[in-house]
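Here's the structure, in structure tokens; my notes come after.
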Amino acid sequence: MYDRPTQSEVGESPAHQLHRCDTRVQYKDMHDTSFNYYEAFSRNIGLLTQKEQEVLRKKTIAIAGMGGVGGVHLISLVRQGFEHFKIADLDIFEEKNMNRQYGARMDTLGQSKVEVMREEAHKINPECTIEVFEEGVTVDNIDTFLAQADLLVDSLDAFAIDARRMSIMKAHTLNIPVISAGPIGFGTAFFIFMPNSPSFDEYFAIHDGMTEKDMTVRFFIGLIPKLLQRSYMKNTNLDEKRGPSSIGAVNLCAGVVTVNAVKILLNKGTVHAVPYYHQFDLMHDRYVRGKLRFGNRGPIQRLKILLFPLLEKKQR
């Protein structure tokens, strides 16, 4: 029996649909369609050795957030050959997610992000082990979420400062490296915490007793000290917890996370971790890497924090 045409093929002529079905049947007749890890990721070899690919296959990556960047991170890491994951998100897909979120489609609206993305990952590699945390990352489950994890990928909403702080600080106490890459304008800003890095609180100059907004301001000031996007990025509002986004920027984030995951877990190349910061803006064709030796405690960073309300008004 012929395969049923997909939704994208419905408008095609019967002859064209029959040709597509014929091609599928012929491929299945000529090939063993059971999953073969070594064949599936054979094109990674040359950039990695087979031994290095095997090392990555055994690593476990915890990804906090399956929304704006988390879903793309998961798919990119699966295609790189990673096979063990823990994913957390308490949200469902909505229509406003369509412009950037991997799992957002008309047929997934209202569905759990972690369940949709687990299914998407299994369509690529059915042998992936993926533990889902439908309640997101919380104080109650963070120990379980990070247990046996070799790397934490922070993909939480830009304004989820409490969950971000809690999860990254916990990973730091467990000596688990952390990568966080956010879509900023038409580019990405990212940071890496290694076990010997300053902690999240130390770098961003955050402490208990601060308001959520004060912590969020300090997070953004430490993430993007150069503000490369400031000349064109508008419609950002911290009080309403919203800002513009681009799928191009999200895809850049996935590349940053995947390559740095390879570097960290294989101990390849140079990793510029905190107190280094990174921002790559394609609109201006600029990449900056700088070092904030004292994090947000430095005098220039403290001044930026004081002036942030004026900057925010210009960005609206």
Charged-residue dipole, Cβ positions (Lys, Arg, Asp, Glu), segment 172-288 about Cα centre, Debye nearest 20: 380 debye
Shape of segment 229-313, Cα gyration tensor, a/c cut at 1.5: oblate
For segment 182-198, 3J(HN,Hα) per residue [Karplus equation, 6.51 cos²θ - 1.76 cosθ + 1.60, θ = phi - 60°, Hz, x = Gly/Pro]: x, x, 10, x, 9, x, 9, 10, 8, 9, 10, 10, 9, x, 8, 7, x
Net lengthening on full extension, residue 35/residue 139 (0.36 nm per residue, minus Cα-Cα): 33.7 nm
Directionally averaged projected area (convex hull, Cα atoms, segment 112-175), nm²: 4.8 nm²
Rg in Å to one decimal, and Dmax rounded to a whole Å, for segment 261-311 via C-alpha atoms: 14.7, 44
Whole-number D in µm²/s for segment 186-291 (Stokes-Einstein; Kirkwood sum over Cα pairs; 10 °C, 1.306 mPa s): 105 µm²/s
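Quick one: ranking 172, 284, 207 by accessible area, 1.4 Å probe, largest first, what do you get?
So the residues, ranked largest to smallest area, are 207, 284, 172.
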Label zone at residue 211 (point 7 Å along Cα-to-Cβ), backbone N below 20 Å, segment 224-243: 236-243
Computed E for residue 127/residue 310 - FRET, C-beta separation, R0 45 angstrom, nearest 0.05: 0.25
Exposure of residue 286 as accessible area (Å², to 10), given a probe of 1.4 Å and all protein chains: 120 Å²
Ranking by accessible area, most exposed first, for 94, 54 with a 1.4 Å probe: 94, 54
Contour minus Cα-Cα distance for residue 242 and residue 266 (0.36 nm per residue): 5.0 nm
Contour minus Cα-Cα distance for residue 90 and residue 302 (0.36 nm per residue): 72.9 nm
Total formal charge among the other residues, if their Cβ is under 12 angstrom from that of residue 161, Lys/Arg +1 and Asp/Glu -1: -1
Given charges at Cβ of Lys, Arg, Asp, Glu: the chain dipole, positive-most of 68, 110, 124: 68
Check: the chain dipole with +1 on Lys, Arg Cβ and -1 on Asp, Glu Cβ, in debye: 1660 debye
GNM top mover of 71, 209, 185 - the chain, alpha-carbon springs below 10 Å: 209
Accessible area of residue 150 in the full protein assembly, 1.4 Å probe (Å², nearest 10): 50 Å²
Charge dipole of the chain about the Cα centre (unit charges at C-beta), most positive-ward option of 82, 144, 45: 45
Anisotropy class of segment 184-230 from Cα gyration tensor, a/c 1.5 cut: oblate
Mean projected area in nm² (Cα convex hull; one quarter of hull surface) for the chain: 18.6 nm²
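Restricting to DSSP H runs of at least four residues, report the calculated mean residue ellipticity at 222 nm for the chain, -39500 (n - 2.57) per run over all residues, nearest 500 deg cm²/dmol.
Per the formula, -12000 deg cm²/dmol.
Let me check something: with ligands and nucleic acids excluded, how do 129, 188 order by accessible area (1.4 Å probe), largest to smallest? Don't jump to the answer; show the numbers that get you there.
Details: 129 70, 188 0 Å².
Largest accessible area first, the list is 129, 188.
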Cα-derived Rg to Rh of segment 62-120, Kirkwood definition: 0.94
Area accessible to solvent at residue 155, 1.4 Å probe radius, in Å²: 10 Å²
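Could you tell me what a quarter of the Cα convex hull surface of segment 133-254 works out to, in nm² with one decimal place? Write out the running numbers ahead of the final one.
Values: hull surface 32.2 nm².
Seen from a random direction, the Cα hull of segment 133-254 projects 8.1 nm² on average.
Using Cα pairs under 8 angstrom and six or more residues apart, how large is the relative contact order of segment 117-256, in percent?
22 percent
The values are calculated or read from the model by the stated rules, or taken from the named source; none is laboratory data. Please read all numbers here as calculations on a predicted model, not as lab measurements. In this analysis, Cβ positions are derived from the backbone assuming ideal geometry, glycine residues included, and neighbour counts consider all displayed protein chains. Note: areas computed on protein heavy atoms with side chains; ligands, DNA, RNA excluded. Shrake-Rupley method; radii C 1.70, N 1.55, O 1.52, S 1.80 Å.
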